[in-house]
Amino acid sequence: MRGLIAVIVLAVLAAGLAFCLAEIPFGRDIGDVGGRYVEQGVQETGAANVVTSVVVGYRGFDTLGEVTVLFIAAMGLGAVLYGRRPSGGRREKPSLILSTGCRFLFPLIMVFGAYVFIHGHLTPGGGFQGGVIAASAFLLMYLGCGGKRIHRATLGAVESLAGLAFVIAGLAGLAVGGYFLMNVLPKGTVNQLFSAGIIPVIYIAIGLKVGSELAGIVENLLEVTE
Amino acid sequence: MSILQANIYYIGSVGLMLVGLYIILAKRNLIKVIIGLSFFETGINLLLISIGYVRGGTAPIFSNPDVKAEGMVDPTPQALVLTAIVIGVAVLALALSLAVRLYEHYGTLDLRKVRELKW
């Protein structure tokens, strides 16, 4: 019965999507909005990566909301899991390969994550991706380097300061008499590391915030809080 | 055959969405339902990305001065999907934490048994 209802719902959804997608040929021409972003984005924001200029430049306020959603979800996860009883299950000791690999790979993964979010305006990647890569290093640390723990207060401080840096970078635009998240810094030469104004600053803040938030989520899911 | 070939990305992503929705509707293990949620979300993201594709287009990154603006894919869906992926991770983590709590409370992840315990 349950399966039958599911199949009927799926058939309705598939038919609706098929009718809609029949109107949009695959590989269509670029639209007005996308075309403008591609043609004007580099001059207007100074970022070589147009996706970054959309995420942080044109839709910076939207990204602030997105970071807030992630923060609220991490907070909700902490609240749901707060005060969990010890499960009593014994954790298996990591193998030699995992514990050696952890010690060897942890700094490399952190450096790679930092590279991805610092170069977000030049190459594929950015704050969210780099932050997730850095958080995966912490997951490896919990799996492999038995006994090592994240310092909670440091994690919270990094997260709060990074969030604050994003808002201050936005308010700087208001302070010079423009609008929220205005690109107040000089744009520089395209394709240089120091270019695109406040975009790398915001992306570094996002990278630190996302990395510390996801590391906190990993910690909350693995650890029993006292 | 040519219709199938021309729309293979649409078919694949919609197929992934349908598989995910079927898991959500028909499975009774909460972990499997959360995996289905993740499938559904991945399918939607792939669908949005493939709608933004321009035939023969490249990534919208001006990595050297020779790259021209013509023949770049639409960056807007990519930026939106970037948002959607992050929200998806947050939702997934929250769902998993609720599953952890549910298991601690009822001792099972079977949704039928959980429903029986409800008034």
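Where a number appears in this text, it was derived from the coordinates with a stated rule and is not lab data. The shown structure was predicted, so the numbers you read here are calculated from the model rather than taken from an experiment. Glycine gets a Cβ as well: all are built from the backbone with ideal geometry, and neighbour counts include every protein chain shown.
Tabulated data
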item: Lone qualifier among B:N29, B:N45 - being among the polar types (S, T, N, Q), more than 9 Å from chain A (Cβ to nearest Cβ) and out of contact with any Ser or Thr (no Cβ under 9 Å at 6 or more places or on another chain); result: B:N29
item: Residues (small (G, A, S) and touching a helix residue (DSSP H, G or I) at 6+ places or on another chain (Cβ under 9 Å)) located in segment B:1-53; result: B:G12, B:S13, B:G15, B:G20, B:A26, B:G36, B:S38, B:G43, B:S50, B:G52
item: Residue within segment A:7-18 that is closer than 30 Å to B:E104 by Cα and not in a loop (DSSP other than H, G, I, E, B) present; result: no
item: Residue satisfying condition, being in contact with a Leu (Cβ under 9 Å, 6 or more places away or on another chain), small (G, A, S), free of Cβ contacts under 8 Å to residues at least 24 places away in the same chain and in a helix (DSSP H, G or I), within set B:G88, B:G43, B:G12, B:G36; result: B:G36
item: Top-ranked residue of segment B:27-43 - restricted to ones that are among the aliphatic types (A, V, I, L, M) and surrounded by fewer than 18 Cβ atoms within 10 Å (Cβ to Cβ), ranked as nearest to B:M72 (Cα to Cα); result: B:I35
item: Which numbered condition B:R28 misses (of (1) in contact (Cβ under 8 Å) with a residue 60 or more places away in the chain; (2) under 30 Å from A:Q43 (Cβ atoms)); result: (2)
item: Subset of segment A:119-128 [more than 8 Å from chain B (Cβ to nearest Cβ) and part of a helix (DSSP H, G or I)]; result: A:G127
item: Scan of segment A:138-158 for residues that are more than 14 Å from chain B (Cβ to nearest Cβ), aliphatic (A, V, I, L, M) and closer than 23 Å to A:E66 by Cβ, ordered by number; result: A:L155, A:A157, A:V158
item: Residue among B:D66, B:D110 that is over 23 Å from B:N7 (Cβ atoms), touching a Lys or Arg at 6+ places or on another chain (Cβ under 6 Å) and surrounded by fewer than 20 Cβ atoms within 10 Å (Cβ to Cβ); result: B:D110
item: Unmet criterion (only one of (1) part of a helix (DSSP H, G or I); (2) surrounded by 23 or more Cβ atoms within 10 Å (Cβ to Cβ)) for A:R36; result: (2)
item: Selected residue (criterion: nearest to B:A6 (Cα to Cα)) from residues of segment A:23-41 that are within 7 Å of chain B (Cβ to nearest Cβ) and among the small types (G, A, S); result: A:G27
item: Selection from segment A:45-61 of residues that are within 7 Å of chain B (Cβ to nearest Cβ) and part of a helix (DSSP H, G or I); result: A:V50, A:V51, A:V54, A:V55
item: Residue satisfying all of: in segment A:39-67; under 15 Å from the mean Cα position of the chain (by Cα) and among the hydroxyl-bearing types (S, T, Y); surrounded by the most Cβ atoms within 10 Å (Cβ to Cβ) among these; result: A:T52
